Structures are given as C-alpha cells and as structure tokens.
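Here the structure is laid out as structure tokens; the discussion comes afterwards.
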Amino acid sequence: MTLDPGSAAIIQLAWARRLGLDDDAFSSALASGERIVRADESARTVEFVRLFGSSALVGPQWVIDTAADIPDEEMAQHVTLLTLTRSHGGHGLGAAALFFADDLPLRQPPEEMTVSHGNAEAIELEGRCPPDDVNEVGLSDLENRYTIVHELEGRRVPLACGAYSEWEGLLAHLGVLVDPEWRRRGLGSLAASIAAHEALAAGLTLQWRTDVSNTGSLALARKIGLSAGGIQTSVHLG
C-alpha cells in the first residue's frame, strides 16, 4: 500500500527524535541532499539510517570523518560499518530493512480463534521458538501483545503472537513470532494483522524492521501490505 506523504513525515520525525536529531532533520536533508550527522563521543553504537531518500549517521566524530566520502549505498551495507569500526572493536547488529504502513487490509481468521493479551502465553511461545527468532523479534520489549492460542488436549497452547511497542508516541514497532510447528498456515499474517489494527486504532503509524537476510520476515512484511521505506545499519563498538 502507498504511504500518505504526511505519514512519511511522521516516520522521519520519530526517527529524528530516536537518533537525537532536530525534528526537521530528515526533511531538511532531503532538500539539501546532504547526509545528517550527529557526533556522540560516548556512543557505544554507530547507526546509519536511510529513510525516504534522506540519510543520517550517528556515532563518534572519527566515524563521521572516515565515512564522509562514502556513498549512502555503501554505508547501508553492514560490511562497510564493520570495516570502518574494526580498529575500535566494531561488531554485530547487522543491516535491517524498514517497512511502514498507515493503513492495512483487515484479515479475517478462517475460524473462530482465541487471542490472549497475557504475558504468560507470549513467554511460553518464545520457549517453543529458535533463539535467533526470539532475539530478532524481541517480544519481551514489545508491550502490547496479542497471542493466538489453541485448545489442545485440555490446555491453551500459544501458536503465534503479534505485538508492538510505541516509538516516540508516533510509531508502532511491530514484531511477530510463530511456533515453528504451526508455520506456513497463515498464522503469522493473522497475528501481524491483529497487532497492526490495534496500533492503527491507537492512532499510530506502523513500522516493521527485519534483518535484510531474513527472507521469511521480508516476505511476511510485503504479504500483509507494508511498504519498504528505508534501511538501518548498526554496529556495536568494543
């Protein structure tokens, strides 16, 4: 689905505040064509973010100076940040694709399902999933959780969870986790739709962030109707 121009401005505002920039930083950068930079000598993470044609780099001044002549297309690649920061112990985090939406089609379940808002079901679901999936989704950091549960042999079993947390009171940062034994049945799309429509009802714009190599998550973002809007590349400093 196509984003309203006003929604793109809201997304850029939220990210500007998240990165410690001026509220109009991204819109000003689009007009000037220059990269936004913010030097933070105490930063233990270096972040490069590109949104709707504007880019920002936040980290120590030595990173900003070293990256000054490197094009945005190269900065968006995780290997570039790793190379720039290797002498300072740069490691981890990777590159994440950013998807957004200000409206989504409503998905109806094929049959009646129970949705729990409790923490216990979400925690149990995490225990059924691979650690890499659990770490990327980060359900424990997403305050609003909607877990699809199924009655099985007299007990409630969590199958999938869609969740979100608020960013700067403007964005709903979405995440979805599905029990591996119940994948490829549409439960991920359904759980995402439930969480997304709760967030939209709260007046938030939707955000989905996933590793650029996670083909399943990328496909799910597109399937439910989110639009690609940028990329975030990050490294920790040793």
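The values are calculated or read from the model by the stated rules, or taken from the named source; none is laboratory data. Predicted model only: the values in this text are computed from it and were never measured. Virtual Cβ from ideal backbone geometry, glycine too; neighbours counted across all protein chains shown. Side chains included, ligands, DNA and RNA excluded: accessible areas come from the protein's heavy atoms. Shrake-Rupley method; radii C 1.70, N 1.55, O 1.52, S 1.80 Å.
Structure above, values below:
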read-out	value
Matching residues, segment 159-198, being under 19 Å from Pro105 (Cα atoms) and aliphatic (A, V, I, L, M)	Ala163, Leu171, Ala172, Leu174, Val176, Leu187, Leu190, Ala191, Ala192, Ile194, Ala195, Ala196
Residue in segment 71-91 that is open to solvent by 30 Å² or more (accessible area, probe 1.4 Å) and at pLDDT below 90 present	no
Of the criteria (1) under 22 Å from Leu13 (Cβ atoms); (2) buried (at least 22 other Cβ atoms within 10 Å of the Cβ); (3) not polar (S, T, N, Q), which one Val176 fails	(1)
Hits in segment 101-149 - residues which are touching a helix residue (DSSP H, G or I) at 6+ places or on another chain (Cβ under 9 Å) and small (Gly, Ala, Ser)	Ala101, Ser116, Ala122, Gly127, Ser140
Filtered residues of segment 65-82 (kept if part of a helix (DSSP H, G or I) and over 24 Å from the mean Cα position of the chain (by Cα))	Asp65, Thr66, Ala67
In segment 118-144, the residues that are under 11 Å from Gly175 (Cα atoms), open to solvent by less than 30 Å² (accessible area, probe 1.4 Å) and not in a helix (DSSP H, G or I)	Gly138, Leu142
Exclusive hit being loosely packed, with under 15 Cβ neighbours inside 10 Å and modelled with pLDDT of 90 or more, set Gly169, Gly188, Gly162	Gly169
Residue in segment 39-50 that is among the β-branched types (Val, Ile, Thr), open to solvent by 20 Å² or more (accessible area, probe 1.4 Å) and in a loop (DSSP other than H, G, I, E, B) present	no
Hey, Ile70 without any contact (Cβ under 8 Å) to a residue 24 or more places away in the chain, farther than 21 Å from Pro180 by Cβ and of a type in the set (A, V, I, L, M) or not	yes
Matching entry among Gly118, Gly162, Gly203, Gly169 (being touching a Phe, Trp or Tyr at 6+ places or on another chain (Cβ under 7 Å) and of a type outside the set (A, V, I, L, M, F, W, C))	Gly162
